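Engineer: Can you keep this structure in mind? I'll have questions shortly.
FYI, it's all coordinate maths here, none of it is from the lab. Since the structure is predicted, the reported quantities are computational estimates derived from the model, not experimental observations. So basically every Cβ, Gly included, is an ideal-geometry build from the backbone, and we count neighbours across all protein chains shown.
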Amino acid sequence: MEPELETVHLLRATVVELGLHSARFANRNGMHPTDVRALIALMDARRAAEEMTAGRLGAALGLNSAGTTALVDRLERAGHVRRVRATDDRRKVVIEVDERAVALGQAFFGPLIAQVVELLQGYDERERAAIRGFLDGVRKAATEGH
């Protein structure tokens, strides 16, 4: 088999395993897989210091307005998110992830993240830049496929 195809197949297997890991988290915590994707999107927005409205969250997840409302309602009832007024425009409602959801995710995903960080520390900066470039390119290629 060509080395490039070996890499593609390894990436696919990795994506499948990560999906299964995420599904185990969802199952253990009574969540739908979309709930987990929503929490990840909310945490990414928080890390980037960006506000996440319901409309923006729905667009990121490929949900319509009714589906997004049901999702946010479900996450809010579970105590994972809260709706708050935006600081710059009180008419705008932003969705924020609750610290309890962050702690729940950290408890489950933290060990895997630590293992990945440890693996990356075995590479020099040039190699890590190549890995980041490759993964970003794959992400962009998958995004363009929509």
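Engineer: In the chain, which longest range has no trypsin sites (Lys or Arg not before Pro) that are both DSSP loop (not H, G, I, E or B) and surrounded by at most 15 other Cβ atoms within 10 Å?
Structural biologist: 1-89
Engineer: Quick check: net charge around LEU18, other residues with Cβ under 15 Å of its Cβ, Lys/Arg +1 and Asp/Glu -1?
Structural biologist: +3
Engineer: In the range 1-74, if the dipole is taken from +1 on Lys/Arg beta carbons and -1 on Asp/Glu beta carbons about the Cα centre, which of MET31, VAL16, GLY62 is farthest to the positive end?
Structural biologist: Going by the charge dipole, the pick is MET31.
Engineer: Here is a further query. Which one of LEU57, LEU11, LEU135 has the biggest mean-square fluctuation once the chain is modelled by GNM with Cα springs under 10 Å?
Structural biologist: For the chain, modelled as a Gaussian network with Cα springs under 10 Å, the answer is LEU135.
Engineer: Candidates [x] 9, 24, 17, 12, 12, 14, 9, 3, 0; [y] 10, 30, 29, 21, 9, 1; [z] 9, 32, 34, 19, 5, 0; which is the computed P(r) over Cα pairs in 10 Å bins from 0, in percent?
Structural biologist: So the structure-derived entry is [z].
Engineer: Do the sum for the chain: with -39,500 (n - 2.57) for every DSSP H run of n ≥ 4, divided by all residues, what is the mean residue ellipticity at 222 nm, to the nearest 500 deg cm²/dmol?
Structural biologist: Using -39500 (n - 2.57) per qualifying helix, the result is -24000 deg cm²/dmol.
Engineer: Okay, moving on. With +1 on each Lys and Arg Cβ and -1 on each Asp and Glu Cβ, how big is the dipole of the range 1-137 about its Cα centre, in debye rounded to the nearest 20?
Structural biologist: Computed charge dipole of the range 1-137: roughly 820 debye.
Engineer: How many nm separate the modelled label positions at ARG91 and THR69, each set 7 Å beyond the Cα in the direction of the Cβ?
Structural biologist: About 1.9 nm separates the two model spin labels.
Engineer: Follow-up. Relative to the longest principal axis of the C-alpha atoms of the chain, give the angle of the C-alpha long axis of helix 3-28, reported between 0 and 90° and rounded to the nearest 10°.
Structural biologist: With both axes taken from Cα atoms, the answer is about 30 degrees.
Engineer: Nearest 10 degrees, 0 to 90: what angle lies between the long axis of helix 65-77 and the longest principal axis of the chain (Cα atoms)?
Structural biologist: Here the helix axis deviates by roughly 80 degrees.
Engineer: Sticking with this structure for a sec: Tally Lys and Arg at +1 and Asp and Glu at -1 over the other residues with C-beta under 15 Å from the C-beta of LYS92: what net charge comes out?
Structural biologist: With Lys, Arg at +1 and Asp, Glu at -1, the neighbours total +1.
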